[in-house]
Amino acid sequence: MGSLARIMRPDDANIAGNVHGGTILKMIEEAGAIISTRHCNSQKGEACVAALARVERTDFLSPMCIGEVAHVSAEITYTSKHSVEVQVTVMSENILTGARRVTNKAALWYVPLSLKNVDKVLEVPPLAYTRKEQEEEGRKRYEAQKLERMETKWKNGDVMQPSINPEPYTVSYSQSTLIHLVGPSDCTLHGFVHGGVTMKLMDEVAGIVAARHCKTNIVTASVDAINFHDKIRKGCVITISGRMTFTSNKSMEIEVLVDADPVALHSQERYRAASAFVTYVSLSKEGKTLPVPQLLVETEEEKKRFEEGKGRYLQMKAKRQAQIDAIPQQQ
Amino acid sequence: MGSLARIMRPDDANIAGNVHGGTILKMIEEAGAIISTRHCNSQKGEACVAALARVERTDFLSPMCIGEVAHVSAEITYTSKHSVEVQVTVMSENILTGARRVTNKAALWYVPLSLKNVDKVLEVPPLAYTRKEQEEEGRKRYEAQKLERMETKWKNGDVMQPSINPEPYTVSYSQSTLIHLVGPSDCTLHGFVHGGVTMKLMDEVAGIVAARHCKTNIVTASVDAINFHDKIRKGCVITISGRMTFTSNKSMEIEVLVDADPVALHSQERYRAASAFVTYVSLSKEGKTLPVPQLLVETEEEKKRFEEGKGRYLQMKAKRQAQIDAIPQQQ
Amino acid sequence: MGSLARIMRPDDANIAGNVHGGTILKMIEEAGAIISTRHCNSQKGEACVAALARVERTDFLSPMCIGEVAHVSAEITYTSKHSVEVQVTVMSENILTGARRVTNKAALWYVPLSLKNVDKVLEVPPLAYTRKEQEEEGRKRYEAQKLERMETKWKNGDVMQPSINPEPYTVSYSQSTLIHLVGPSDCTLHGFVHGGVTMKLMDEVAGIVAARHCKTNIVTASVDAINFHDKIRKGCVITISGRMTFTSNKSMEIEVLVDADPVALHSQERYRAASAFVTYVSLSKEGKTLPVPQLLVETEEEKKRFEEGKGRYLQMKAKRQAQIDAIPQQQ
């Protein structure tokens, strides 16, 4: 078990005092990186660093506020030959009232890279399971994510272009791009960007898109599985683009693409580093969920993305209903 | 018990990779503030926040390095009627080798202040001691620190600056100097300070000068051309000094000088890196421009600088008038 | 065209919510550095980084507020053989109302430096102008700034401090003062500064004093008891001053005083908030303790403080010896 904790500060939150989903994702990833790096170095052998390969879908169950303490605890739950699964739980604690709430549960996959040669993937020391079933269940999750990863390979060419004088509620109207020059504090000692830094920026751009669309206080409701296609090295400029793909009555789905551009290296082209779908909800001043204005889709591409988003939305809704149905009545 | 943990980043350390003592002290205090605030709110009663009153002598037993995880654990060891003693242990963990070392042990005293009235000290809920001697030993430490505290009352008058007690509205009164130790995040990958970082500090010192002069909310109105005479390298200490040169009815001009001091290089002398004039205006709470108190110039040098500032001011005013005149009437 | 965008955070602004001019200048420069570095590396040849050489006069046309998105767009408008002119426009967007305003227009000059040898200026790839006049107008701006640059060469000697050119190893030589404008992230929710923030600044100034004295890598060895005499409130300017009091063969003691100045409150005087003695040691590149140059004391006050420091040093040494003697042999 590994754990992190810190007080939430004004810069971690939006104006309404809600901590950004991205701040929480960054802490989750830090806890995951620590525990998996520790595990991968637990046997004599080549020193290595655990690099984030994938984050499973993450729900934001409860808001966290400025002044609360965030407790992040991580546990290794499965290891394959070359990867480690970490499950992370985030709790908020109000130190004045003593109230504690679970705000997130997340599952992350890490891959150990050799410190001597960061392009070489090392072997993971086996995990000691307390129950036989744990290994079997873990293997199923491993196979499922492997399959899904292959399906969602990203096309490098899909770039978001700006458009001139867009109408409110169209995709172009809220579409946003954030450019970030990677600095030393964004990086591991080995010169590539922490997965958590990338996730924080992804949430930030999605938040701008959502706020532009609804013009209200918005908060992250969930982040779809994120696949990290490639490492981002020190000195890159990262372009994070977000566009709205789908709106339901009470939620918006935003697609976020991360591209890395090694500006000072002639040899290398800009490449797609990560991508995800983030779901936001709109809140009133009292913290109640508000209706979301419907997204106006204009092009064939936008219609296609809207339908795909609707598919993901309905699938998730069905999954939740099934979970609710599975809970015994007396609870 | 309460605990905090986080990875040490480049910004937490000096160029040699040793984590700053100040970074560790900050984490120690955060852990102490959390546990004592939690304890002081553990009984029904007025909500309060624990404010740091004293830190006992702290030794740095072992260095901490970038990439290591700092584990900070805190425990309440004594409570008097109005104060809480917290003992904190800091461990460094090298997650690659698994090595752990105690780097610090510290003892802090907190006092609970009412949230309704931060000048009111509240009572501390009593601590349940596991051994009788603990209370007795704690009381001794409490009495010892109380005594020492009284002995070392600081004289407010002892000021390091050659204080000639300058009159309000003189140049000396608002003159300010800011020292900044260049950190990794201030620098490009190639080891010199981003021009933007220097400019931010220049504006910061100018803002302090302006605020000291007017004691109101002040905002930057313009920055004169800035020339960067020389690069500032990693590891330098930068001194940014600001002094007021000129005031008009509604604006103030502040001269800012930037000097770089390569402290860790014997060979090189301190040198001027940049300089500029910054103009500030004073705002009321409603955001309206306020009159600026006139600058009192005392020396010949100050008079000369005032006249030069007036020259720049009148020139700029004329230039703007010309621009306004150039706009056709119908617009 | 290159662009940056980010949300303005509480730490970017003053208490009234106006974004600091310095925050905007920093973003302007970041956008300029990215676009000019990209341009200078656009042709095969030596890799380089664009270093800021000059910023033209910049006006702040309209205030920017917390919660708004700052959009910074940069364009290369002229290139000479060895320099690049970048024009930058900053817009604020209120994402709730959709209102956009131009807040700044700036022009910056960059020079490409070789990555292999940062003292070598490289050639800039020529720019393709869309209109013939662009080049001509650019050349005029280039000549004008060149002329102005030469005129405003700064005298290194013009120092704001009453500089009596202190001798190395004296108290005055290493004495340092740091000013810090309290920001939201420095404060508790209840509006006063975290004790840990103050301690971090105290260590920072002590570190600068120690580095100036020895010109080596220095690390904190211990911090004496710190008493917090009074709370520091939001909006204060804190002055942290450090001076060396004593040197032994292998350590230096630095006295640090913290004063708080409630600049925006007419009613309140500057007051002493905390004070401490910090001990530093000097390290070689291999991490071995180095001898410390002896402090040269000049005034009676300095001699008195040196003797007092010696007293504390000998007392602590005796205390440690007693602790060592108390350890049974077998351990």
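Here are the numbers for this structure:
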{"item": "Cα lying deepest toward the dipole's positive end in region B:1-90, options B:ALA53, B:VAL69, B:GLY21, charges on Cβ", "result": "B:ALA53"}
{"item": "Estimated FRET transfer efficiency (B:ALA128, C:GLU308; beta-carbon r; R0 41 Å; 0.05)", "result": "0.45"}
{"item": "Environment charge of C:CYS65, counting only residues whose C-beta is closer than 15 Å and scoring Lys/Arg +1, Asp/Glu -1", "result": "0"}
{"item": "Within region C:35-55: backbone nitrogen closer than 20 Å to the B:ASP230 label point (7 Å, Cα to C-beta)", "result": "C:51-55"}
{"item": "Gaussian network model of chain A, Cα within-10 Å springs - most flexible of A:SER284, A:SER80, A:SER172", "result": "A:SER284"}
{"item": "Per-pair calculated FRET efficiency, R0 = 35 Å: C:LYS116 and C:GLU136 via Cβ, rounded to 0.05", "result": "0.50"}
{"item": "Cα pair distances in region B:43-105, grouped into 5 Å bins until the bin that holds the longest one, percent each", "result": "4, 14, 20, 19, 13, 11, 9, 6, 3, 0"}
{"item": "Value of [θ]222 nm, deg cm²/dmol, for chain C, DSSP H segments ≥ 4, -39500 (n - 2.57) each, nearest 500", "result": "-9500 deg cm²/dmol"}
{"item": "Unit charges on C-beta of K, R, D, E only; dipole of chain C, Debye", "result": "560 debye"}
{"item": "Percentage, to the nearest whole number, of Cα pairs in region B:171-326 over 24 Å apart", "result": "40 percent"}
{"item": "Cα extents of chain A along the three principal axes, largest first (Å)", "result": "63, 60, 38"}
{"item": "Residues of chain B: accessible area per residue with a 1.4 Å probe, Å²", "result": "46 Å²"}
{"item": "Positions from region B:190-210 whose accessible area shrinks by 50 Å² or more when the full protein complex is built, not the chain alone, probe 1.4 Å", "result": "B:HIS190, B:PHE192, B:MET199, B:LYS200, B:ILE208"}
{"item": "Amide hydrogen neighbours beyond the local backbone of C:ARG57, cut-off 5 Å, H modeled", "result": "B:ALA225"}
{"item": "Accessible-area composition of chain B, carbon plus sulfur, in percent [1.4 Å probe]", "result": "53 percent"}
{"item": "Shielded by partner chains, region B:95-133 residues - at least 40 Å² of accessible area, 1.4 Å probe, vs chain alone", "result": "B:ILE95, B:LEU96, B:LEU115, B:VAL118"}
{"item": "Debye, to nearest 20: dipole size of region B:194-291, +1 on Lys, Arg Cβ, -1 on Asp, Glu Cβ", "result": "240 debye"}
{"item": "Per-selection metrics, region C:91-138 (Cα): Rg and Dmax in Å", "result": "18.1, 49"}
{"item": "Kirkwood Rh in Å, taken over all unlike Cα pairs in the protein assembly as shown", "result": "30.4 Å"}
{"item": "Solvent-accessible area buried by B and C, counting both chains, probe 1.4 angstrom, square angstrom", "result": "8200 Å²"}
{"item": "Leading residue at positive end of dipole, chain B (Cβ point charges), from B:HIS190, B:GLY235, B:SER284", "result": "B:SER284"}
{"item": "List A:TYR129, B:TYR169, ordered by accessible area with a 1.4 Å probe, largest first", "result": "B:TYR169, A:TYR129"}
{"item": "Counted charge near A:VAL297, where neighbours are those whose Cβ lies closer than 15 Å (Asp, Glu -1; Lys, Arg +1)", "result": "-4"}
{"item": "Cβ-derived FRET efficiency at R0 60 Å, C:ILE327 paired with B:GLU286, nearest 0.05", "result": "0.30"}
{"item": "Other-chain or far-sequence residues with amide H under 5 Å of C:LEU283's (modelled H)", "result": "C:ASN217, C:ILE218, C:VAL219, C:LEU290"}
{"item": "Within-10-Å neighbourhood charge of C:VAL197 [Cβ basis; K, R +1; D, E -1]", "result": "-1"}
{"item": "Debye intensity ratio I(q)/I(0), log10, region B:2-149, q values 0.18, 0.19, 0.22 Å⁻¹ (C-alpha model)", "result": "-1.01, -1.08, -1.27"}
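The values are calculated or read from the model by the stated rules, or taken from the named source; none is laboratory data. Treat the numbers as computed from the prediction; the structure is a model and nothing was measured. FYI the Cβ positions are ideal-geometry reconstructions off the backbone, even for glycines, and counts take in every protein chain you see. Surface areas here come from the heavy atoms of the whole protein model, side chains and all, with no ligands, DNA or RNA. Shrake-Rupley method; radii C 1.70, N 1.55, O 1.52, S 1.80 Å.
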